[in-house]
Amino acid sequence: MTATNDAEMAKILRTDLEDLHLNLPGTAYFDPFVDHLSKWYDKTADAKYFVAVSDDHRVMGGCGVGPIAPEDGIAELQKLYVSPDYRRQGVAKALIPECFEFAKQHYAYLYLETFHQMTAANNLYRSLGFDQLTKPLPQSEHGACDTWYLYDLAE
């Protein structure tokens, strides 16, 4: 992720949430750093954001890893969004291994938050071995999300 990807990634994130009518307070849609993801990930310890770029240099999507409960060895899989032009083409599946590899270097667990109506995302997380939780971690910042998962990176 570089600053040159910021505007495209912010547009993808907002479009994905708008398409599902999830552009709600308490979601990533209103995170203050969405327009400058590269800056936030650059300045945050043990955090990294990955983007998938097409052959013609278009941002297809992105996903990040950042601390949520580092004292407990827990990172968060963050802001996995794919452009409508590239959905159902394996972009999310291609980004996940990069995130797992990075997370394993710094953390023991990977947590994530989503919405039950994001069916494709939920199916992906379950297929990867994420365990669904009954409530969010206390450190959660996105109060609007209604589905939570945790993955043991040692598996």
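The values are calculated or read from the model by the stated rules, or taken from the named source; none is laboratory data. Note that the structure is a prediction, hence the values are computed from the model and not measured. Positions of Cβ are backbone-derived with ideal geometry, glycine not excepted, and every protein chain shown enters the neighbour counts. Remember, those area values only see protein heavy atoms, side chains included, never the ligands or the DNA or RNA. Shrake-Rupley method; radii C 1.70, N 1.55, O 1.52, S 1.80 Å.
Go through (1) open to solvent by 20 Å² or more (accessible area, probe 1.4 Å); (2) hydrophobic (A, V, I, L, M, F, W, C); (3) within 15 Å of the chain's Cα centre (by Cα) one by one and return the number of the condition Val53 breaks.
The failed condition is (3).
Quick one: which strands (runs of 3 or more DSSP E) sit completely within segment 38-103 and have at least 1 residues that are basic (Lys, Arg), out of contact with any Pro (no Cβ under 8 Å at 6 or more places or on another chain) and more than 21 Å from Asp19 (Cα to Cα)?
48-53
Which residues, counting only those in segment 112-127, are surrounded by fewer than 16 Cβ atoms within 10 Å (Cβ to Cβ) and within 20 Å of Cys99 (Cα to Cα)?
The answer is Ala120, Asn123, Arg126, Ser127.
So, Gly73, is that one closer than 16 Å to His106 by Cα, touching a residue at least 60 places away in the same chain (Cβ under 8 Å) and open to solvent by less than 70 Å² (accessible area, probe 1.4 Å) or not?
Considered against the rule, which asks whether it is closer than 16 Å to His106 by Cα, touching a residue at least 60 places away in the same chain (Cβ under 8 Å) and open to solvent by less than 70 Å² (accessible area, probe 1.4 Å), Gly73 comes out as no.
When only residues in segment 18-31 that are assigned to a helix (DSSP H, G or I) and out of contact with any strand residue (DSSP E or B) (no Cβ under 8 Å at 6 or more places or on another chain) count, which is least open to solvent (accessible area, probe 1.4 Å)?
Checking each candidate, the answer is Tyr29.
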